[in-house]
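Here the structure is laid out as structure tokens; the discussion comes afterwards.
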Amino acid sequence: MNKFIFVSGGVCSSLGKGVSASSIGALLEGRGLNVCMVKCDPYINVDAGTMSPYQHGEVYVTDDGAETDLDLGNYARFTNSPLSLVNSITTGQVYQSVISKERKGCYLGHCVQVIPHITDEIKSRILSAAKAAPDTDVVIVEIGGTVGDIESIPFLEAARQLIHELGKGNALSVHLTLIPEVAGGELKTKPTQHSVKAMQEQGIQPDILICRAPVLLEESTRRKISSFTNVDFNAVFTSYDVDTTIYEIPLIFFKQELDQVVLRKMGVESRHAELDAWHNMMERFNARQGKARIGIVGKYMELNDSYKSVYEALFHASLECGIKVEMVKIDSSRIEETSADVVLGKSGEAIDGILVPGGFGQRGINGMVKAAAWARENKVPYFGICLGMQIMVIDWARNILGWEDADSTEFNKKTKHPVVSLLEEQNDVKNYGGTMRLGKSESVAEEGTRFMVAYSEKSVFERHRHRYEFANRYRKEMTESGLRLAAFTPDGGLVESVEWNDHPWGLGVQFHPEFKSKPTAANPLFRAFIAAVKAAKEEGKA
Ligand code: GLN
């Protein structure tokens, strides 16, 4: 039988619940157990796909094309949990399916209510996520939001019922809270006491507390928290602020023996902890030398989470290439207002490499095209992801082929040179949710391309999330003028990657390689990009 861990949060949001849940998962995997991670999101959107990256951060895409919450990206980076549509549960999905069952008459005349119908639907979705991964030993369910939020109540109620039904030892509650520091440096436990009371009012007694604090909590503070909350003293842990990397958190929890307490409370025997991959990663972190400035030229720059997986993948590549990466976030409209050289050049941000990530809509596009042209002309390494590849194609058409009005039909429907355009099948799409080219598909590399060198494989599987494509009718003119088409779909029907010849490293891909990068194994394209930036820097010095 599976064991279940429910991870909830209190006091306020952004305490790192996703990272805590993922770190517990990483530690249990270190003990040889298989984990399955599940996220419950209290919002009414059916999935994260229709939410603005400005407000909600990145949309994380799974192999099966589910557009999920960015916490699933944390699960993918910290653990080997299977991740698909079933691992992301939202209020929207739950209500949608309860209402459709009601319309079909499935409730046999009953009045349909939050309890039991909504909570039953939540429970059944959690249990089916576990069933979808039959080898799972431990299911870790993260409940989004903060205890006390109206929206979270049905999820906490479902968790309460499951904890009761599964029985002691089979399901644990892990609660994350905040220990703030007030003037004079004093740490305050009162918000944590209140947060645990709020959990108890929901009928859940936390078994384990993780306290987010500036420093490791002293024994006396932990004893005080324990006596106020009914949580065992040895089950009160600290997630203290780190100035290294979030990937140190599994090791920080391990030092406090969090995994041992979890295993003991669940009565699970396990092997000795094997955490070499995490220790090695920290060694690489400390061994990095020098620094490269990577300009990320996009339009959702204000919120750190908008390109979360891209930033993480750059960091993973920095670990493998032994060079620190400073991520310089550049709103492309800045380049539009002045020039690429003023913003990116030596007297501006002094950028060593440019990355143009995915994006939607017209705003800022011309600034991105200017950034790509600048990288191409000045032989600065350039990596284009999805929109970033389309930008390379637009720059080539405008500046090499001289078609000044060349564009994607996403931005200019009337252009005479629609070098990026809609797939035929997308022409009639009216709904926005879940209707793009989504999820895992195969790309086949051309021999001798940088693409192929990076992956050292001809056939690769990466994830897509876009509507527009390289327009095939321009293949001949693009290639003849020197743009290399580097990878295609297996039937040759769609262009998946383009490259610049006679350039240190300029490559664009129509998919999103960032979704499959891990701190212990960077995505090959990110690794190759940072390696090229490092090489160009060294050459510049010589
Ligand atoms: N807006 C572009 C498209 O739909 C690119 C999407 C993306 O970058 N994810 O094709």
With DSSP loop assignment and no more than 12 other C-beta atoms within 10 Å, the trypsin sites (Lys or Arg not before Pro) in segment 81-161 are 104
Reach of residue 516 by Cα under 18 Å, taken over lysines that are not fewer than 8 positions away in the same chain = 308, 440, 458
Taking amide H positions as placed in the peptide plane 1.01 Å from N, state which residues far from residue 43 in sequence (5 or more) or on other chains have amide H under 5 Å from it.
-> 91
For segment 30-151, what's the radius of gyration and Dmax over Cα atoms, in angstrom?
-> 15.3, 50
What is the Cα convex hull volume of segment 278-422 when expressed per residue in Å³?
-> 115
Loop trypsin sites (Lys or Arg not before Pro), segment 255-353 (other Cβ atoms within 10 Å of the site Cβ: 13 or fewer; DSSP) = 271, 346
Can you run phi through the Karplus equation (6.51, -1.76, 1.60; θ = phi - 60°) for segment 145-157 and list ³J(HN,Hα) in whole Hz, with x for Gly and Pro?
-> x, 10, 4, x, 5, 4, 5, 7, 3, x, 5, 5, 5
Lys/Arg Cβ at +1, Asp/Glu Cβ at -1, dipole of the chain taken about the Cα centre: which of 199, 387, 275 is farthest positive-ward?
-> 199
Farthest toward the dipole's positive end in the chain, which of 61, 310, 114, given Cβ charges of +1 (Lys, Arg) and -1 (Asp, Glu) about the Cα centre?
-> 114
With +1 on each Lys and Arg Cβ and -1 on each Asp and Glu Cβ, and nothing else charged, work out how big the dipole of segment 278-388 is about its Cα centre, in Debye to the nearest 20.
-> 140
The Kirkwood hydrodynamic radius of the chain, taken as the inverse of the mean 1/r over all distinct Cα pairs, in Å, comes to 24.9
With θ set to phi - 60°, apply the Karplus curve 6.51 cos²θ - 1.76 cosθ + 1.60 along segment 517-530 and write out the HN-Hα couplings as whole Hz, x wherever there is a Gly or Pro.
-> 9, 10, x, 8, 6, 5, 5, x, 5, 5, 4, 5, 4, 5
Among the DSSP beta bridges whose two residues both lie in the chain, what percent are antiparallel, rounded to the nearest 5?
-> 35
Ordered by number, the trypsin sites (Lys or Arg not before Pro) in segment 186-220 that occupy a DSSP loop and have at most 14 other Cβ atoms within 10 Å are 188
A correct Stokes-Einstein calculation for segment 294-378, using the alpha-carbon Kirkwood radius, 25 °C and 0.890 mPa s, returns a whole-number D in µm² s⁻¹ of 187
Dipole moment magnitude, nearest 20 debye, the chain about Cα centre, only Lys, Arg, Asp, Glu C-beta charged | 360
Could you name the aspartates and glutamates whose alpha carbon sits less than 19 Å from that of residue 416, not counting residues in the same chain fewer than 8 places away?
-> 395, 404, 405, 407, 424, 469, 477
Applying the Karplus parametrisation 6.51 cos²θ - 1.76 cosθ + 1.60 with θ = phi - 60° to the phi angles of segment 226-240, what ³J(HN,Hα) value in whole Hz is obtained for each residue in order, glycine and proline being reported as x?
-> 4, 5, 7, 10, 6, 9, 3, 4, 6, 10, 9, 10, 10, 9, 8
At a Cα cut-off below 14 Å, give the aspartates and glutamates reachable from residue 190, other chains included and same-chain residues fewer than 8 away excluded.
-> 181
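Computed from the coordinates by the stated procedures, all read-outs in this text should not be read as laboratory data. Since this is a predicted model, take the numbers as computed values, not measurements. As a convention, Cβ positions derive from the backbone with ideal geometry for all residues, glycine included, and neighbour counts pool all protein chains shown.
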